[in-house]
Amino acid sequence: MSSENRLDALIGRIVADDALHAKWLNTFSFLEYVGFRKIVKSQRAEALSGAVLNHALEEGRHALGLKKLAVKLGGPELDSYAPEALLCGDEAEAYFQDLDAACDEALSDQPEAERVKLVYCYVTWLIERRALGVYGAYKAAIDGSEVARKLDGLLAEESRHLADVEGWLQQGDAAFGERSRAFEAIEGALYARFIEALAGDLARRATQATPASA
Ligand SMILES: [Fe+2]
Ligand SMILES: [Fe+2]
């Protein structure tokens, strides 16, 4: 089964259970927060544009919006990023950090300022494409709900982030075709690893929730 089909099956299980669903929302919030933090920490102030600052702030706002939805559904114990308030939080962060590290490593031959910009653009490009797919599949599964309506604004902003960096990469990186294909393959493998971990986690929870027959 492809990672995409697998995701649809996992989302179906998650949204059928409010406690899991709240953790799922909180995990999205956590990833948005990691994105916000990564932009703020990686970009040097002397080269920071309004567009990049706006991108960071929008990711921070996405983190907060999703956090509020998680707490509304799951209660005050969701108001942190503690492991028990997340679904595969460590694996979700590893997906993001390992992708960033792989892009950084692949671009290590570039001059510092160019490398920082390229890593930011490629990681954003990869993550936004994945986010649009995952948020889109999730939204389809909860169609008509309050959360689905709230995702519309977030998806519009993610689409703009993607268009911004894609425009820059197409114009500014002569090696875009080659690099984007190589990075897509890395991202696909890291995403598949995350989906595997999520499937294993849900299977374990289902076993624990079903008492063994006598
Ligand atoms: Fe976002
Ligand atoms: Fe974004």
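Number of residues in the range 113-129 that are basic (Lys, Arg) and away from ligand 2 (no atom under 15 Å from the Cβ): the value is 2. Quick check on the range 68-89. Is at least one of its residues touching a helix residue (DSSP H, G or I) at 6+ places or on another chain (Cβ under 8 Å) and under 30 Å from Ala175 (Cβ atoms)? No, there is no match, as no residue in the range 68-89 is touching a helix residue (DSSP H, G or I) at 6+ places or on another chain (Cβ under 8 Å) and under 30 Å from Ala175 (Cβ atoms). A Cβ distance below 6 Å, combined with a sequence gap of six or more or placement on separate chains, defines the contacts here; from the range 154-175, residues that are part of a helix (DSSP H, G or I) reach residues that are within 12 Å of ligand 2 (Cβ to nearest atom) and open to solvent by 30 Å² or more (accessible area, probe 1.4 Å) in the pairs Glu158/Leu132.
Would you confirm, using the coordinates I've provided, whether Ala141 is loosely packed, with under 15 Cβ neighbours inside 10 Å and at pLDDT 95 or above? Break it down stepwise before answering.
Values: loosely packed, with under 15 Cβ neighbours inside 10 Å: no; at pLDDT 95 or above: yes.
It is false that Ala141 is loosely packed, with under 15 Cβ neighbours inside 10 Å and at pLDDT 95 or above.
Entry remark, the range 130-159: residues being within 10 Å of ligand 2 (Cβ to nearest atom) and among the β-branched types (Val, Ile, Thr) number 0 in total.
Given the criterion within 16 Å of Phe28 (Cβ to Cβ), open to solvent by less than 20 Å² (accessible area, probe 1.4 Å) and within 16 Å of ligand 1 (Cβ to nearest atom), identify the matching residue among Glu157, Glu128.
The unique qualifying residue is Glu128.
Of all the criteria given as (1) farther than 23 Å from Val116 by Cβ; (2) free of Cβ contacts under 8 Å to residues at least 60 places away in the same chain; (3) in contact with a Phe, Trp or Tyr (Cβ under 7 Å, 6 or more places away or on another chain), the one not satisfied by Thr210 is (3). On the stretch given as the range 186-214, residues that are more than 17 Å from the chain's Cα centre (by Cα) and open to solvent by 30 Å² or more (accessible area, probe 1.4 Å) total 12.
The values are calculated or read from the model by the stated rules, or taken from the named source; none is laboratory data. These figures come from a predicted structure and were not determined experimentally. We place every Cβ from the backbone using ideal geometry, glycine too, and count neighbours over all the protein chains shown. Surface accessibility is based on the protein's heavy atoms, side chains included, excluding ligands, DNA and RNA. Shrake-Rupley method; radii C 1.70, N 1.55, O 1.52, S 1.80 Å.
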